[in-house]
Amino acid sequence: MKKVFVQTFGCQMNVADSAEMLGALVARGAKETADIDDADIILVNTCTVREHAEHKAVSYLGRLEKWKAARSGRVIIFAGCAAQRLGEKLKKSYPFLDIIAGAKGIENFGGVLDESGLFGAEHGGDIIKKSTVTDFVTVMRGCDFQCSYCIVPSVRGPVKCLPPKDILAQVKMLVARGVKEIVLLGQTVNAYKYEGIDFADLLEMVAAEPGVERVRFMSPHPLYITPKLVDVIKNNPKIAKHVHLPAQSGSDKILKDMKRGYDAKTLLDKINALKNAGVLVSTDIVIGYPGETEEDFNDTLKLVDAAKFSFAYCFKFSPRADTPAASLKNAVPDKEVEKRLDILLNKIKGLAAAAYDSAVGTRQEVLVETPYKGRTSGNLWVKFPSKQQAGNVVTVLIKRSDGTLLYSE
Ligand code: SAH
Ligand code: SF4
Ligand code: F3S
């Protein structure tokens, strides 16, 4: 039996896609291995959102030449977003590469395998997976926005929402395997719409599945944070009280240039609506978008202060080929970007610590993920004094915080 090693880079969408692609390989007789030296097939699922991510993917591929040569019959599959962007021209520089499977073609991955003639016929068979407490379910693919800096729409294509019945079937399958927390995935997941069923409806449907203890989702777009959605999150105890809502900037000018579709005030109103519903809000911020002045950056700091995010991923702007922002001439000098990033990261660290500290003295429902650790509904990590059963939901009193971890009684 052929053994496959899976290497995934990038976001949770890629994690979910890797599982799907692995499923197609397993259905054709392969078996997963955690040891690359033992593998006959390697599946590399790649990211290209920033230049650094693509570089990582391609240099990983470069290093596989030796791996492939070490044993005959080995197969390299290069998949995902970087594979989509670079396409067949990769084979010129990396002639040892067998299959390129771009992110847009994920639904036809089985067909691509069959066409290659390198695998057996599909005969069914399921992935034997270590049961996890949390797992991902893709509810929509692609993105219909055109944020000026972003390559995702070009490598993932337009939005396609999956039918609720398929989503629920997937949820049922995961629950039967022991999964307790479902994370619904989409690039603008709350823009989900399928024959009159919107994202708030879908959330409730998933939360109502027997055996589902908690539902999270990633990543929502601020434009689709509706009063209805806020209400559903607020009133349904199974829906996590945490939303990761990418802001990108707090400057109206930069938000407009980025074509995000909202200004800082609209965004802050949505954040406040979520916070008033008891939700912790975290975010993504891009620093050094072309033309970002000191004043624009200060507006971002102001937004961060007002929103009191529980966490933020901060990224240096990275020009991506064929995106509108890539051809802008007014780049922010790297030294300045570094300086701003430093200031922002410091602030975020303080806010994250404050989010942890403010949970001290409260009772929290914690989903146990490892014997000694779990997460609150608001996505804060808790350490237990004694061993717990993974998958259980325990109600604990939070005794203290060290700013990055809560300690329970
Ligand atoms: N679909 C999600 C996120 C997509 S990519 C959303 O729109 O919210 C994840 C994050 O990467 C983005 O939120 C953004 O902060 C960052 N990002 C995207 N393109 C980037 C670029 N060219 N340079 C730096 N950061 C970028
Ligand atoms: Fe990229 Fe914008 Fe789409 Fe998010 S909403 S994936 S940032 S284009
Ligand atoms: Fe995700 Fe990277 Fe693709 S962030 S959508 S894997 S470009």
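No lab work stands behind these numbers, since they all come straight from the coordinates. Keep in mind the model is a prediction, meaning the values are calculated, not measured. Glycine gets a Cβ as well: all are built from the backbone with ideal geometry, and neighbour counts include every protein chain shown.
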Two-decimal log10 I(q)/I(0) for region 1-146, as the Debye equation yields it once each C-alpha is a single scatterer, q = 0.09, 0.10, 0.16 Å⁻¹: -0.26, -0.32, -0.85
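Please sort by residue number the trypsin sites (Lys or Arg not before Pro) in region 318-396 whose DSSP state is loop and whose Cβ has at most 15 other Cβ atoms within 10 Å.
Values: sites: Arg320, Lys329, Lys335, Lys339, Arg340, Lys347, Lys349, Arg363, Lys373, Arg375, Lys383, Lys387; in loops: Arg320, Lys329, Lys387.
Hits after loop and neighbour filter: Lys329, Lys387.
Largest first and in whole Å, give the semi-axes of region 309-401's equivalent ellipsoid, each being the square root of 5 times a Cα gyration tensor eigenvalue.
Values: eigenvalues 313, 53, 18 Å².
Rounded to whole Å, the semi-axes are 40, 16, 9.
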Rounded to 5, percent antiparallel among DSSP beta bridges of the chain: 35 percent
Of Met258, Met205, Met140, the one that fluctuates the most in a GNM where the chain has Cα springs shorter than 10 Å: Met205
Neighbour-limited loop hits for trypsin sites (Lys or Arg not before Pro), region 3-84 (at most 11 other Cβ within 10 Å; DSSP other than H, G, I, E, B): Arg71
Within region 158-263, GluC sites (Glu not before Pro) in DSSP loop having at most 13 other beta-carbon neighbours inside 10 Å: Glu195
Whole-Hz ³J(HN,Hα) from phi, Karplus 6.51 cos²θ - 1.76 cosθ + 1.60, for region 394-409, glycine and proline x: 10, 9, 10, 8, 8, 8, 8, 9, 10, x, 10, 7, 9, 10, 9, 7
Fraction of the pair-distance distribution of region 216-359 above 21 Å, Cα-Cα pairs, percent: 43 percent
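So how do Phe384, Phe78 line up by other beta-carbon neighbours within 10 Å, fewest first?
Details: Phe384 19, Phe78 26.
Taking fewest neighbouring Cβ atoms as first place, the list is Phe384, Phe78.
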Radius of gyration, Dmax [the chain; alpha carbons; angstrom]: 22.1, 61
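Per Stokes-Einstein, at 10 °C and 1.306 mPa s, what whole-number D in µm² s⁻¹ belongs to region 231-297, with the Kirkwood radius over Cα pairs as the hydrodynamic radius?
My calculation gives 122 µm²/s for D.
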Spatially close lysines, pair count over region 318-409: Cα under 29 Å, gap of eight or more or interchain: 16
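Is it possible to state the helix-based mean residue ellipticity at 222 nm for the chain, with each DSSP H run of 4+ residues giving -39500 (n - 2.57), the sum divided by total residues, to the nearest 500 deg cm²/dmol? What is it? Walk me through the numbers on the way to the answer.
Details: 13 runs with 146 residues, N = 409.
Computed ellipticity for the chain at 222 nm equals -11000 deg cm²/dmol.
Please give the net charge around Lys2, taking every other residue with its beta carbon less than 10 angstrom from that of Lys2, where Lys and Arg add +1 and Asp and Glu add -1.
Value of the local net charge: +3.
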Alpha-carbon spread of region 125-209, three principal axes, descending order, Å: 41, 28, 22
For the chain, Cys with no neighbouring Cys Cβ under 4.7 Å: Cys11, Cys47, Cys81, Cys143, Cys161, Cys314
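When only Cα pairs under 8 Å and 6 or more residues apart are kept, what is the percent relative contact order across region 238-392?
Details: 218 pairs, mean separation 34.2, N = 155.
Value for region 238-392: 22 percent.
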Cα pair distances in region 181-253, grouped into 10 Å bins until the bin that holds the longest one, percent each: 19, 55, 21, 5, 0
